[in-house]
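Here's the structure, in structure tokens; my notes come after.
The values are calculated or read from the model by the stated rules, or taken from the named source; none is laboratory data. Because the structure is predicted, anything quoted here is derived from the model rather than measured. No Cβ is skipped: glycine too gets one built from the backbone with ideal geometry, and neighbour counts run over all protein chains shown. Side chains are part of the model used for accessible areas, which takes the heavy atoms of the whole protein and leaves out ligands, DNA and RNA. Shrake-Rupley method; radii C 1.70, N 1.55, O 1.52, S 1.80 Å.
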Amino acid sequence: NRSAHPLYDDGDNGAGVCMYGGTVDVCRVIGNIGITTHFGLRGGGMFVSGAGSVVRNSTIADNLCRADGLGLKKTHYGGGIFLQAGALVDSCVISNNTVSGGLNADTDGGGVYFYGGGTLRNCLIVSNSAPAMRGAGVYMAGGGMMANCTLSANASDNPGAGVYQTGGSVSNSIIRFN
């Protein structure tokens, strides 16, 4: 499935999918573009929040979360998925997503950005990028749990190309060749 409106310039959540509950199962979230010039954006492919939100058996690929322009500080997190508040992402492929920005922008988490909880398990996280910042594969801030995942070939010019972690836990995962 492709977003009906793949270019999103509103400064909010989820260029492709924004969910605060429910289930996304066996879907493809591909080729969504979130570009903002004045605001912040969380989730180029998906914004997933809340204990009732579940994404499983899906592909999140080739999405972009980008900050353009000068002016106020912009925050752009999660090229593929912005995950928070008890949401679950299970058995998914998260690949070829990018988070990027110009001057005066925080842009972290090319594949997945965790904030304040959530669970990522049994996922393949490959070939994502955060060229100017951290956590090309996964950026973990303020909690969350990643288990049984494989991260490979994620690229960043800064530390933590595979995982950049300031909170949360990582267990039984393979992190290699990032």
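Some notes on this structure:
- Check: the chain dipole with +1 on Lys, Arg Cβ and -1 on Asp, Glu Cβ, in debye: 240
- The chain: relative contact order in percent, alpha carbon pairs under 8 Å with at least 6 residues between: 15
- Sorting 88-97, 75-84 by average packing, meaning the other beta carbons within 10 Å per residue, from highest down gives 75-84, 88-97.
- Max mean-square fluctuation residue, GNM over the chain, Cα-Cα springs under 10 Å, options Asn13, Asn154, Asn57: Asn57
- Using a probe radius of 1.4 angstrom, the carbon and sulfur fraction of the accessible surface of the chain is 52%.
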